[in-house]
1. When the accessible area of the stretch 1-92 is computed with all protein chains present and a 1.4 Å probe, what percentage of it is carbon and sulfur?
2. Kindly sort 117, 372 by accessible area of their heavy atoms, largest first, with the probe set to 1.4 Å.
3. Using a probe radius of 1.4 Å on heavy atoms only, what accessible surface per residue do you get for the stretch 297-367? Whole Å² is fine.
4. Quick one: which residues, 5+ away or cross-chain, put their amide H under 5 Å from the amide H of residue 380? H built at 1.01 Å from N.
5. With a 1.4 Å probe and all protein chains kept in place, how do 323, 193, 65 rank by accessible area, largest first?
6. Just the number, please: carbon plus sulfur as a percent of the accessible area of the stretch 288-371, 1.4 Å probe, no ligands or DNA/RNA counted.
7. On the principal axes of its Cα set, how long, how wide and how thick is the stretch 222-297? Give whole Å, largest value first.
8. Ignoring ligands, DNA and RNA, please state the percent of accessible area on the stretch 127-250 from carbon and sulfur, probe 1.4 Å.
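The values are calculated or read from the model by the stated rules, or taken from the named source; none is laboratory data. Quantities reported herein were computed from a predicted structural model and do not represent experimental measurements. Positions of Cβ are generated from backbone atoms using ideal geometry, with glycine treated the same way; all protein chains shown enter the neighbour counts. With ligands, DNA and RNA removed, areas are computed over all heavy atoms of the protein, side chains included. Shrake-Rupley method; radii C 1.70, N 1.55, O 1.52, S 1.80 Å.
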Amino acid sequence: MSSIFSIAALLTGSALLLLAGGLHGLLLPLRGLSEGFSDSSLGLLGAGWAAGYMIGCLVVPMIVKRVGHTRSFGVLCSLAGITLLLNLLLMHPLAWIILRALSGFCFAGAAMIVESWLNERATSNTRGRIFGIYTMINLGATTVGQMLLTVGDPTGFVFFIIGSIIYSLALLPTALSTAASPAPLTQARLDPKKLWKNSPIAVVGIFLVGISNGAFGTLGAVYGRRIGLEVSDVAIMMSLALLSGALIQLPVGYASDRLDRRIVLIAMAMAAMALGFCLTLFGGINPVATIAMVAAFGGMIFSMQPVIVAHASDHAEPGEFLKTSGGLLLIYGIGTMVGPVAAAPLMTATSPSALFQITAAAHLTIIVFAVWRMTQRAAVDADERTDFVPSLATGRYNTPETSTMDPRYDEELEDQADSNDEAYHDPAVDEVRPEAPEADPDGLNADAGKKI
């Protein structure tokens, strides 16, 4: 328990960040609909978020290296709050798309900084527990943020103010902390050729899952309102989709650790297609039935990403987990940009249920490609597979730093250390050489080493 208390401030900051993010992400499409924004404009909000998030994963590590973790985190949280207020002042689709990209950039950077701090505090004995607690807290915070919309009217200004306040509160735990800044942030690097050689199904699958999840995550609320659901029903629907995505990962993980992961992925894609087909035919007839079907649909689509990452890890070379997961994250981000841009015009031209035609096309392609790949490569033996590790259900909040918190990365480091010890061991030089401290322009780490 002492290890958890020592990171309580960081977990609190992360929970507040995700609370504001959950509110922010659902508030914009609902308010945009009431302002008369087109489906295409709302779809571009999702593309803007994904683009900003990816840029943040690439650029923020350089900013942190220059000015430090504490300053960077404070600036990013403040900017996220400002963008939410500007959404209220600038009621125009183009302005919202730009602001959404900026908020994605800020959110990615802030999440990376919190995760790097948590990773620094974790040990090989506590990393798995900390990672699990972090995931569950963030899931709960995101859900609460979305559910806040059930108690008020998104057409006013109150939720914009509340969201901005929560973003500001998120920076307080780290700003008041006396903990030393951790090592520089991990930067994602994309090597498509190597990823393809490692696992073609992982590359194709993660891109298509990004299309599906990006389309639903951005336009699911639009679909709900277009078929006549109340705002409170939409908030419940999107929250249950997120929660079921987390809960279903338990049986999915159990199955994928014992069966060919491609079979599990195919089964989930088939279930998602069937549920999307039912929503196309019967969505909107009964609100309760619609919410239940969307919840089950969310359980399927939000559980695919960790299966794909686990499959890619099974085939990755030793020492390549971080590079593999980081590369897949960027490909997933590209997919989340494509999904809402493709689905929104189709929804306008035909019907709201066209959202599930886009997701069905993505899932059908996954099925066909996975079946073909099963004829090209045998499954990895069960005793040689890496463990399935649940992730944040949507995958939209994962960063390269999330991978460094993954217990599989910790096991990889231990294997490398054991290999080095076996190759060469000289007690005369068994001293620990401290690394050079990170640049700290303001002397913010004068009390380095103290616990939070």
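1. In the stretch 1-92, the share of accessible area belonging to carbon and sulfur is 72 percent.
2. 372, 117
3. Value returned for the stretch 297-367: 27 Å² of accessible area per residue.
4. none
5. So, going from the largest accessible area down, we get 193, 65, 323.
6. Percent of accessible area from carbon and sulfur atoms in the stretch 288-371: 75.
7. Extents along the principal axes, in whole Å: 42, 22, 17.
8. 69
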